[in-house]
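Peer 1: Let me begin by handing over the structure; questions about it come next.
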Amino acid sequence: MHSTSTLAPAAKSPAALAVHSVWKTSILFIIVTTVLLGLAYPLFITGVAAVIFPRQAAGSLIKLNDGTVIGSELIAQSFTSDRYFHPRPSAAGNGYDATASGGSNLAQSNKTLVTRIQGDIDKLAAQNPDKPVPIDLVTTSASGLDPDITPDAALYQAPRVAKARNLSEESVRRFIEQHITNRQLGLLGEPRVNVLKLNLDLDKLAK
């Protein structure tokens, strides 16, 4: 007779067990947090927003009476005609490009920036020589898509718009004042005027 013996598998060391436990926990944590924070939470918030704030959740789109979307109150558009109020300058793409949001990232000492701003100041000052040019009419925002201008910037353009539309300057000023949005809760932000909404209502006024 031959005796046989069975060797028991070697027990893992405590250090190996600890490493295995750390990796297992880490992988499970990544999976769980990805599902919860990367999928479940965004979908939940999107659903809640769509129910409570449907227009804002859809992009605050502005539509004509026939349902045609002409823009968003959150994104600036280019207006160059004297009949319309102009927004802030834009460095987003070729200007007001929502797919290329961003500023020029030029320093205050940059010659190109200084030349561009001075040129804009000279052009605006020639249109309204009796008043200082509001700074937001010659400087871009960080996004290049700021839809609002300050009340001063809107009022500064009143003489040009009034002349182009054969309206009294006083009536245009009153029209601007009706479109000023004040600080939220009286504390947050600054008084502002949405350029797209102002221009659309201006066209309605002329009809």
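The values are calculated or read from the model by the stated rules, or taken from the named source; none is laboratory data. Keep in mind it's a predicted model, so treat the numbers as computed, not measured. Here Cβ is always computed from backbone atoms with ideal geometry, including for glycine, and neighbour counts include all displayed protein chains.
Peer 1: With respect to ASP146, is the statement that it is within 18 Å of ILE180 (Cβ to Cβ) and among the acidic types (Asp, Glu) true?
Peer 2: yes
Peer 1: Could you look through the range 157-178, keep only residues that are without any contact (Cβ under 8 Å) to a residue 12 or more places away in the chain and assigned to a loop (DSSP other than H, G, I, E, B), and pick out the one that is farthest from SER81 (Cα to Cα)?
Peer 2: Selected residue: SER168.
Peer 1: Which residue, of GLY95, GLY71, GLY103, is surrounded by 11 or more Cβ atoms within 10 Å (Cβ to Cβ) and in contact with a strand residue (DSSP E or B) (Cβ under 8 Å, 6 or more places away or on another chain)?
Peer 2: Just a single option satisfies the conditions, and that option is GLY71.
Peer 1: I want to confirm something. Restricting to the range 122-149 and keeping residues that are of a type in the set (A, V, I, L, M), in a helix (DSSP H, G or I) and within 25 Å of the chain's Cα centre (by Cα), which single residue is surrounded by the most Cβ atoms within 10 Å (Cβ to Cβ)?
Peer 2: Per the criteria, the residue is LEU137.
Peer 1: What residue, of ALA154, ALA142, ALA125, is assigned by TED's automatic domain parsing to the domain that holds ASN94, modelled with pLDDT under 95 and within 21 Å of SER81 (Cβ to Cβ)?
Peer 2: The match here is ALA125.
Peer 1: Can you tell which of ILE30, ILE70, ILE45 is farther than 30 Å from LEU196 by Cα and either in the same structural domain as LEU196 (by TED's automatic domain parsing) or not polar (S, T, N, Q) (or both)?
Peer 2: ILE30
Peer 1: Are any residues in the range 179-197 surrounded by 11 or more Cβ atoms within 10 Å (Cβ to Cβ), of a type outside the set (D, E, K, R) and in a loop (DSSP other than H, G, I, E, B), and if so, which ones?
Peer 2: HIS179, ASN182, GLY189, PRO191
Peer 1: In addition: Taking ASP136 as meeting all but one of (1) in contact with a strand residue (DSSP E or B) (Cβ under 9 Å, 6 or more places away or on another chain); (2) more than 22 Å from HIS179 (Cβ to Cβ), write down the number of the exception.
Peer 2: That leaves (2) as the condition not met.
Peer 1: Can you name the condition, by its number, that THR99 falls short on among (1) more than 15 Å from the chain's Cα centre (by Cα); (2) free of Cβ contacts under 8 Å to residues at least 24 places away in the same chain?
Peer 2: (1)
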